[in-house]
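The structure under discussion appears below in the form of structure tokens.
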Amino acid sequence: MKAVILLSGGLDSSTVLYQARADGCECYAISFDYQQRHRRELHSAVLVGKSVGVVQHQVVNFDLRLWGGSALTDDAIALPQERSLDEMSQNIPVTYVPARNTIFLSFALGYAEAIAAERVYIGVNALDYSGYPDCRPDYIQAMQEVFRLGTKQGREGQPIKIVAPLVNLKKTEIIQLGNQLGVPWELTWSCYAGGDQACGVCDSCRLRLAAFAELGLVDPVDYL
């Protein structure tokens with residue numbers, strides 16, 4: 001069974017790649033260089049992909065800085081720092097990139113249909129404090145209908161299935177799953193800040209560190 005896995009190099013997507021392998025899939029990874037502030041994650045995506053032995057790893061290049069609209073694609077928008085988990089849960093944050101997962105899934109769908117894959121795996125998580133609108137179950141359900149209606153495979157009765165195994169898991173549960181699957185956390189990257197070391201204070205770092213701490217584990221990534 002062929003599967004395309006959206007691989008950012010982060011904790012969630014790396015766990016999903018390892019889950020796809022555990023599910024018996026022949027794994028094809030796709031990552032995106034959209035000129036994001038934290039392009040350092042692409043280095044981790046390549047390393048994680050190699051650790052699994054993906055059949056192919058596509059890195060797609062395009063520039064979302066052309067219109068910005070997010071702290072990850074516009075340097076004029078300050079990156080939130082030192083926020084509590086409660087603060088993160090109040091509103092959709094400025095790190096939300098407009099329509100990013102729709103763009104990503106469109107590329108992944110094209111790739112999947114071209115290689116006759118049966119599945120597309122994505123590491124969205126609805127329980128994350130960020131609350132991104134394109135990481136929720138109803139969004140995935142809607143995109144599944146797009147996959148069915150917008151492809152030859154779908155119209156011929158063999159729609160490519162979106163698999164989102166983490167959508168209803170807490171971050172601690174994702175780490176526990178990753179531990180069971182053998183995910184090499186030291187290769188992954190979650191920081192939004194864009195440096196060579198994880199900042200430890202952006203929302204993504206704080207969520208990650210809090211989850212490891214709650215489990216009584218040490219995050220092996222190097223922080224400032």
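The values are calculated or read from the model by the stated rules, or taken from the named source; none is laboratory data. Values in this document were obtained by computation on a predicted structure and should not be read as measured data. Here Cβ is always computed from backbone atoms with ideal geometry, including for glycine, and neighbour counts include all displayed protein chains. The protein model used for the area step is the full one, side chains on, heavy atoms only, and it has no ligands, DNA or RNA in it. Shrake-Rupley method; radii C 1.70, N 1.55, O 1.52, S 1.80 Å.
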### Task
Be a star and scan the stretch 181-224 for residues whose amide nitrogen sits under 14 Å from the point 7 Å along the Cα-to-Cβ vector of residue 39.
194-196
#### Entry: Inter-probe distance in nm under a simple model that places probes 7 Å from Cα toward Cβ, at residue 66 and residue 116
3.4 nm
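At a 10 angstrom cut-off on C-beta neighbours, averaged per residue, how do the peptides 179-188, 75-84 rank from highest to lowest?
Details: 179-188: 16.5, 75-84: 13.2.
Averaged packing, sorted descending, gives the order 179-188, 75-84.
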### Mean-position separation - Cα centroids, the stretch 169-224 and the stretch 102-154, in angstrom
24 Å
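What 222 nm value per residue comes from the helices of the chain, counting each DSSP H run with n ≥ 4 as -39,500 (n - 2.57) and dividing by all residues, nearest 500 deg cm²/dmol? Show your work: numbers first, answer last.
Values: 8 runs with 84 residues, N = 224.
It comes out at -11000 deg cm²/dmol, rounded to the nearest 500.
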### Crossing angle, helix 171-181 versus the chain [Cα axis fit, 0-90 degrees, rounded to tens]
60 degrees
## Note on the structure
Listed by chain and number, the aspartates and glutamates with an alpha carbon less than 18 angstrom from that of residue 152, same-chain partners under 8 positions apart left out, are 113, 118
### Query
How long is the gain from residue 107 to residue 78 if the chain were fully straight, where each residue apart is worth 0.36 nm and the alpha carbon distance is subtracted?
7.6 nm
### Task
Mind listing the long-range amide H neighbours of residue 163? Cut-off is under 5 Å, sequence gap 5 or more, other chains count too, H placed in the peptide plane at 1.01 Å from N.
120, 121, 122
### Message
Please list, in order along the stretch 117-125, the HN-Hα scalar couplings obtained from phi with the Karplus expression 6.51 cos²θ - 1.76 cosθ + 1.60 (θ = phi - 60°), rounded to whole Hz, x for Gly and Pro.
### Response
7, 9, 9, 10, 9, 9, x, 5, 9
#### Entry: Using alpha-carbon coordinates, inclination of helix 40-52 to the longest axis of the chain, degrees
50 degrees
### Query
Roughly to the nearest percent, how much of the accessible area of the chain is carbon and sulfur, given a 1.4 Å probe?
51 percent
### Query
Which angle between 0 and 90 degrees, to the nearest 10, do you get for helix 203-214 versus the longest principal axis of the chain when only C-alpha atoms count?
80 degrees
